Amino acid sequence: MLIRLAIAWMAGVVAGALWWPGAAWLWAAAGAGLLAALALRRSPRGLAIALSLACAALGALRYGASVPPAGPDDVRLLAGRGELTLAGTVAGDPTRSEEGQKLLLRVEAARLGAKNRPVEGLVLITLAPFPAYSYGDRLAVTGELLEPRPAAQPGDFDYKAYLAHRGIHVLMRDPAEIRPLAEAGGGPLRLLYDARERCRATLVRLIPEPQAALIVGILLGIQSSIPDDVYAAFSTTGTSHILVVSGWNFTIVAALLGGLMERLRLGRWPAFWITLAMMWVYAMFTGGSAAVLRAAVMASLMVLARASERRSEPWTLLLAACWIISAADPHTLWDLGFQLSAMATGSLFAFARPVEGWLGGRPPFSWPWMAPFTEALTATLAAQVLTLPLILYAFGNLSIIAPLANVLIVPVVPYAMLFGSLALAGGLLWLPLGQALGTLLWLPLTWIAQGVSILSQPTWAAVQMPPFPLWLLLGYYVVIGAGWWWSLRSRVPEQTSPALSMPLSPTAPSS
């Protein structure tokens, strides 16, 4: 039932974005659904349909509430009115690269000419890489506001819509002047981001590049220091998922914390609250992207189920996490990282067992010493069933060599995470200790870096596919979903799902 209601909620969110009949009609539909549920409570099918209608209407209402109309003080109304000065606070951790940095300014006031006025809203500002700004900094920025460009033609990437789903409607590029204002704020989140920056600075002093940039991405989720040619090689080989924090990280963190709690012999609920707190600190520490938050919610629900001694069904965990995240922010459903993360997880749940059975009966994958490589190939092929069409639709990049690259690279990643964590802890205590431990880290990172570099060299390693329409993408998912559902109905249900042993967010191929 929960799975159906979660799907209905998310379908309602998407429908509310495509067509808005009015709040009154949606409230009426939600009320009618609830009344019908009361009347049909003795009929399981009727109850499910009625509650699904109510959830879909409420999902559409939640989307409508997240898109308030532009008020008289909205900053977007100042676009195209010449040079002005905005005062506000940096919201979120700025994105940095060698070319520059992007920061999100939550505006509080504006001065246009000699007139000051209160304004509100978000402005995405692109500026030089130095001086570097941080979350919580209060700034006065002088420049001209611009509107993002929409898609040039149907089917092209719509940058304006992409930013709108993040609450951003205006840009400022290369401001003429930036002045710090009062003392920076930010509270606990500022302290967390400062600690993250200290960890990054420590890691880059432990080992040389490009290994240092790789471990920063793997452990901290910071990709800005990864050279463009290195990132392109990971994209070509379909292994760029290694460079982002995913549910795999949370699986490892939860397992380590669970083992530590058992050794400390803490009670079930004290262990639950400590584990929960540390996982969410880690989620925010790594940037708190939509994909990370989805994995954190899934991990939290799984830990809660264990603490309460209840069985955790994987599909329920996934759909409940998506429901919670989309209820907090409906626009998350348009986040490509979230889409790929959720699709990869669901694809593993649905197709890992058939792929594993197919590979397990064929040498060399049936040989015992091949088990780590077979597991990596199983995860790669299973995840591609649902993620590959979305990758092709969004990027058009088809990695031919991805299965081989994942088989050779993915089994080494846990060792890089383990040795990276040890080296980081040692470096924070005493830099020479961290550098000594970094010698252990150098080998797995070199294997990853050199392996990806070599595998990306063939001209056939990846090909650029022509774009295809949205209806074809949706049609593919309808066919795959229908086929999977029919296969479930045609076999006897199993007591234990194989997906319970899979990571919360698999090592899915990404562009």
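Some points to look at:
- Residue match in the stretch 378-390 (condition: within 20 Å of I218 (Cβ to Cβ), free of Cβ contacts under 8 Å to residues at least 40 places away in the same chain and among the hydrophobic types (A, V, I, L, M, F, W, C)): no
- Filter result for P44 (within 30 Å of Y135 (Cα to Cα), without any contact (Cβ under 8 Å) to a residue 40 or more places away in the chain and surrounded by fewer than 16 Cβ atoms within 10 Å (Cβ to Cβ)): no
- Condition check for L266 on (1) under 19 Å from L418 (Cβ atoms); (2) of a type in the set (A, V, I, L, M); (3) surrounded by fewer than 18 Cβ atoms within 10 Å (Cβ to Cβ): one failure, at (1).
- Unmet requirement for W280, which otherwise passes all of (1) more than 21 Å from the chain's Cα centre (by Cα); (2) of a type in the set (F, W, Y); (3) surrounded by fewer than 18 Cβ atoms within 10 Å (Cβ to Cβ): (1)
- Qualifying residue in the stretch 428-436 (condition: in the same structural domain as A342 (by TED's automatic domain parsing) and surrounded by 18 or more Cβ atoms within 10 Å (Cβ to Cβ)): yes
- Every condition in (1) crowded, with 19+ Cβ neighbours inside 10 Å; (2) of a type outside the set (G, A, S); (3) within 23 Å of the chain's Cα centre (by Cα); (4) modelled with pLDDT of 90 or more is met by L84 except one, and the failing one is (3).
- Against the test of being part of a helix (DSSP H, G or I), surrounded by fewer than 18 Cβ atoms within 10 Å (Cβ to Cβ), in the same structural domain as L488 (by TED's automatic domain parsing) and within 22 Å of the chain's Cα centre (by Cα), the options G337, G357, G346 yield a single qualifying residue, G337.
- Verdict on R198 being among the basic types (K, R) and either surrounded by 13 or more Cβ atoms within 10 Å (Cβ to Cβ) or not in a helix (DSSP H, G or I) (or both): no
- Residues within the stretch 398-425 that are of a type in the set (V, I, T) and under 21 Å from the mean Cα position of the chain (by Cα), tallied: 2
- R311 vs. criteria on the phi < 0 side of the Ramachandran plot, assigned to a loop (DSSP other than H, G, I, E, B) and without any contact (Cβ under 8 Å) to a residue 60 or more places away in the chain: yes
- Condition met for L422 (closer than 18 Å to L219 by Cα, out of contact with any His (no Cβ under 7 Å at 6 or more places or on another chain) and of a type in the set (A, V, I, L, M)): yes
- Unmet requirement for A182, which otherwise passes all of (1) touching a residue at least 40 places away in the same chain (Cβ under 8 Å); (2) surrounded by 14 or more Cβ atoms within 10 Å (Cβ to Cβ): (2)
- For V245, the test of being touching a residue at least 24 places away in the same chain (Cβ under 8 Å), in the same structural domain as W442 (by TED's automatic domain parsing) and crowded, with 23+ Cβ neighbours inside 10 Å is passed.
- Search result, residues across the stretch 137-173 that are aliphatic (A, V, I, L, M) and closer than 15 Å to I125 by Cβ: L139, A140, V141, L145, L146, L163, I168, V170, L171, M172
- Scan of the stretch 249-288 for residues that are part of a loop (DSSP other than H, G, I, E, B) and either aromatic (F, W, Y) or over 23 Å from R190 (Cα atoms) (or both), ordered by number: R265, L266, G267
- Residue count for the stretch 206-242, restricted to those that are touching a residue at least 60 places away in the same chain (Cβ under 8 Å), in a loop (DSSP other than H, G, I, E, B) and among the aliphatic types (A, V, I, L, M): 3
- Of the residues making up the stretch 360-396, those that are modelled with pLDDT under 85, out of contact with any Pro (no Cβ under 7 Å at 6 or more places or on another chain) and buried (at least 17 other Cβ atoms within 10 Å of the Cβ) are F365, T374, E375.
- Residue in the stretch 269-290 that is at positive phi and touching a residue at least 40 places away in the same chain (Cβ under 8 Å) present: yes
- Which numbered condition A152 misses (of (1) without any contact (Cβ under 8 Å) to a residue 24 or more places away in the chain; (2) outside any loop (DSSP other than H, G, I, E, B); (3) aliphatic (A, V, I, L, M)): (2)
- Exactly one residue among T332, T316 is part of a helix (DSSP H, G or I) and under 15 Å from the mean Cα position of the chain (by Cα), and that residue is T332.
The values are calculated or read from the model by the stated rules, or taken from the named source; none is laboratory data. Given the structure is predicted, the values throughout are model-derived calculations rather than measurements. Cβ atoms come from the backbone with ideal geometry, glycine included; neighbour counts cover every protein chain shown.
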